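Colleague: What follows is a single structure, and I will ask about it in a moment.
We did not get these values from a lab; they are worked out from the coordinates using the rules stated. This structure is a prediction, so every number in the text was calculated from the model and none was measured. Positions of Cβ are generated from backbone atoms using ideal geometry, with glycine treated the same way; all protein chains shown enter the neighbour counts.
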Amino acid sequence: MSACSAGPFAPANDVTAIKKDLEKLQGTNGLIRMPEAGDQERGDIYTTALYSDDLGSYLLAADEASKAVDEDVSGQDTTDLLTLWSALKLLKATGGTLSPALETKLADAAIPIKQPDVGAEIAALWFWIDVGRMHDWSGTARKPAVEEVNSRLEAVDVSSITNKPYLLWRLFDSYSALQKQKPVELQIALNDVDIKRLPADYESTLDFQAALETRVTLKNDLVVPNDAKDHLVKLLDSGQVDDDALIDSMLRSLELLDSHADAQRLVKDRIATRIDEQTGLVRSSSVTKGSVHGTYLAARLLDTNFPEIAKERTQEELTRVLATPDTDVLTQLKALVALKRSGSESWRDYGTIIEQGKAKIPTTVTSANLTEYIELMDVLVQADSTVQLRRLEPFDADPNTESSLSTALLALSNSMFFTNSEEVRSMFPAVQAQLPELILEPSGKGLNYFRALTAMTSASLSGLDSNDFEKAAQGLQKLKGCEEVPSLYRLEEDKASACSLSLSAAMIAVPGAYNLGESK
């Protein structure tokens, strides 16, 4: 994607300024934080589901859980496996009810695509099986799928994971959930599991929990270091652990070590304080961590300059996300594109993720699924330039209705993603007639002001010319900068409001918004 040439109002040193600002937004995990206030403030169903066994009296009520799940999955054409798992786990823990929409999505849930890495394959199958365990997929309708999954479990070479207790345990648990005979070599490998080291990183934390799970389930002899409990408590009290999956794993280990009082106190101190009062959901612990989405946007914004801030830690974290199959496909695609733009060649090892993304492209694009299509194609075309575009079916748009106006502007802004792109640029004449007014001043127009700016170069019926573009660039500068990152744009005219990385990345399509120089 090429940045538009700069207008007379664009600063000459945008690339340098943006690079410095994005370095300030780099989180402890090497990824880029989103400066938008709401990005880190909302609770989410995955984090809440992750802790649902730990929360006890802090867990939200059944009706609240049902509402939260419905809001999360509503409006999605397809729902990824991790979201389905989170929804079911949360509803099961709270006693919430499944909506018809969720029932339909569960019925349509496909088996994960086979993963080339054995750890990724075991994880993908375990999540699918655990969804089935919670939703009772024992009926005859699911029998062929269960048989296929069982066949893939049997194809796992146990000898290749004998030194990985967590993978052994997940494989064992998968067989248990399906009520299938476990391979003899798996039983032998689990009986030989010991604690090689106390939790110190991602792998050792999960392996430690797996060793304890094995001890309880198989009642085998396991030597647990005397300082194991104190070690876990100190780690969690120190605040050094900022990954929710690891925090939950450590809490589970404390329970398995009969340290219930410590676990309950830590839930009160570390988890209950993160409950969103409006939704009852738990916020992610990653306030100081960057996100894949933020890193993807930074890569889009800096383009060929992105490798200058995407250091080894960034690439390692993106690779970890790519190797974690329970992450939704769109997030993995964004991680792949960011890794590609970072200069690392290892993105080529994850071609199956691109194929999974292609499988989600709808056959027909309408106003109802336009947003999901654009979000997916925006990433896919960067991962694979040969991806097949779809046709946009014409629809009416009322410029006086905010949602209708927004949808039309989204289509115009992304006309390049349709096989009938020329036709799209001439759609919505009533909306295009309002563009000269929409792009002049940001006051009171909200997100549609920014959408109008990104649509103006693709609206062939708008009558806009270079003078209009210059006036638009001048008006946009009123929204430039905030205290933390002065090179980015903010949604509100109030200079005290936070900047938005999402808006700023979108503005690269607006003439005069930036001077980014030659961009490939």
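Colleague: Percent antiparallel among DSSP beta bridges with both residues in the chain, to the nearest 5? Let's see the in-between values first.
Modeller: Values: 7 of 9 bridges.
Within the chain, antiparallel bridges account for around 80 percent of the total.
Colleague: Going by amide H atoms built from the backbone, whose H comes under 5 Å of the H on LEU392, apart from near neighbours?
Modeller: Residues meeting the amide H criterion: THR419, ASN420.
Colleague: At 0.36 nm per residue, minus the direct Cα-Cα distance, what do GLU493 and ILE113 gain on full extension? Give it in nm, one decimal, please. Write out the running numbers ahead of the final one.
Modeller: On the way: separation 380, 0.36 × 380 = 136.80 nm, distance 4.66 nm.
So the chain would gain 132.1 nm between GLU493 and ILE113.
Colleague: What is the magnitude of the charge dipole of region 115-174 about its Cα centre, with +1 placed on the Cβ of each Lys and Arg, -1 on the Cβ of each Asp and Glu, and no other charges, expressed in debye to the nearest 20?
Modeller: Working: 6 positive and 9 negative charges, 22 e Å.
Taking the Cα centre of region 115-174 as origin, the dipole is about 100 debye.
Colleague: A further question on this structure: Length gain on complete extension for the stretch LYS358 to GLU203, per 0.36 nm per residue less the alpha carbon to alpha carbon distance?
Modeller: Working: separation 155, 0.36 × 155 = 55.80 nm, distance 3.13 nm.
Residue separation times 0.36 nm, minus the Cα-Cα distance, leaves 52.7 nm.
Colleague: So how do 341-354, 174-187, 313-326 stack up, highest first, on mean other-Cβ count within 10 Å? Working shown, then result.
Modeller: Values: 341-354: 17.1, 174-187: 14.7, 313-326: 19.8.
The peptides rank, most packed first, as 313-326, 341-354, 174-187.
Colleague: Roughly how far apart, in whole Å, are the Cα centres of region 409-433 and region 318-362?
Modeller: Spelled out, the Cα-based centre of one part sits 29 Å from the other.
Colleague: Checking the a/c ratio against 1.5 first, then a/b against b/c, what shape does the Cα gyration tensor give for region 435-474?
Modeller: Working: a/c = 2.06, a/b = 1.36, b/c = 1.52.
Cα axes put region 435-474 in the oblate bin.
Colleague: Read phi for every residue in region 224-232 and hand back ³J(HN,Hα) as whole Hz from Karplus 6.51 cos²θ - 1.76 cosθ + 1.60, θ = phi - 60°, with x for Gly and Pro.
Modeller: With coefficients 6.51, -1.76 and 1.60, one gets 9, x, 4, 8, 4, 4, 4, 4, 5 Hz.
Colleague: Can you list residues whose amide H is under 5 Å from ILE275's amide H, if they're 5+ apart or on another chain and H is modeled 1.01 Å from N?
Modeller: The list, which skips near neighbours in sequence, is ARG283.
Colleague: By per-residue mean of other Cβ atoms within 10 Å, what is the highest-first order of 50-58, 273-281, 119-127, 374-382?
Modeller: Values: 50-58: 17.9, 273-281: 15.4, 119-127: 21.7, 374-382: 19.6.
Final packing ranking: 119-127, 374-382, 50-58, 273-281.
Colleague: Calculated FRET efficiency, LYS180 and ASP396, Cβ-Cβ r, R0 56 Å, to nearest 0.05? Mind dumping the intermediate values first?
Modeller: Numbers: r = 54 Å, r/R0 = 0.97.
Step by step, r from the Cβ atoms, then E = 0.55.
Colleague: Ok, one more. Using the Cα centre of the chain as the reference point, and only Cβ charges (+1 on K/R, -1 on D/E), how large is the resulting charge dipole? Debye, rounded to the nearest 20. Walk me through the intermediate numbers first.
Modeller: Working: 52 positive and 79 negative charges, 107 e Å.
The dipole magnitude comes to about 520 debye.
Colleague: How high is the relative contact order of region 273-374, given as a whole-number percent (alpha carbon pairs under 8 Å, six or more residues apart)? Walk me through the numbers on the way to the answer.
Modeller: Numbers: 72 pairs, mean separation 23.0, N = 102.
Relative CO of region 273-374 lands at 23 percent.
Colleague: Under 22 Å from the Cα of LYS143, which lysines turn up, not counting those fewer than eight places away in the same chain?
Modeller: In chain and number order, the partners are LYS105, LYS114, LYS180, LYS182.
Colleague: To continue, here is another question. Among GLN278, LEU246, ALA310, whose Cα sits farthest toward the positive end of the charge dipole of region 184-336 (+1 at Cβ of Lys/Arg, -1 at Cβ of Asp/Glu, about the Cα centre)?
Modeller: Farthest along the dipole direction, towards plus: GLN278.
Colleague: Counting only residues 5 or more places away or on other chains, whose amide H sits under 5 Å from the amide H of SER500 once H atoms are built in the peptide plane?
Modeller: Those qualifying (amide H under 5 Å, at least 5 residues apart or on another chain) are TYR489, ARG490, LEU491.
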